[in-house]
Amino acid sequence: MKKNVWRAVIEVAFIIFLFYSNLLMGEFERSGMGQEKGVAWAIQDVFTTANFAIATIAALVGYTVFEFLRERF
């Protein structure tokens, strides 16, 4: 049981990491303001409460779907 909890925590954290790295990379695309305003501004713009809530919900849904698929196939 303890092993399963740690596995879930690691997988959810990894999904959240991917979410934030994708948002941060988006700030430095052609249309993003990160190139003009800098890294500090981009980090401040990306790490918000709303983004954290979205990342957490998406990570939990993603984890649930992948666990379902692992058990099914």
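FYI, it's all coordinate maths here, none of it is from the lab. This is a predicted model, so every value here is computed, not measured. So basically every Cβ, Gly included, is an ideal-geometry build from the backbone, and we count neighbours across all protein chains shown.
Just a few scattered comments:
- For region 1-57, the set of trypsin sites (Lys or Arg not before Pro) satisfying both a DSSP loop assignment and a count of at most 16 other C-beta atoms within 10 Å is given as 30.
- In this simple spin-label approximation, residue 31 and residue 58 carry label points 7 Å from Cα along the Cα→Cβ vector, and these lie 1.6 nm apart.
- Considering helices alone, the calculated mean residue ellipticity of the chain at 222 nm is -28000 deg cm²/dmol, with DSSP H runs of length four and up weighted by -39500 (n - 2.57) and normalised per residue.
- Relative contact order (%) - criterion: Cα under 8 Å, at least six apart; region: region 2-72: 39 percent
- Here the Gaussian network model covers the chain, with springs between Cα atoms less than 10 Å apart; of 27, 36, 11, 36 fluctuates the most.
- Cβ-Cβ FRET estimate between residue 22 and residue 68, R0 fixed at 22 Å, reported to 0.05: 0.40
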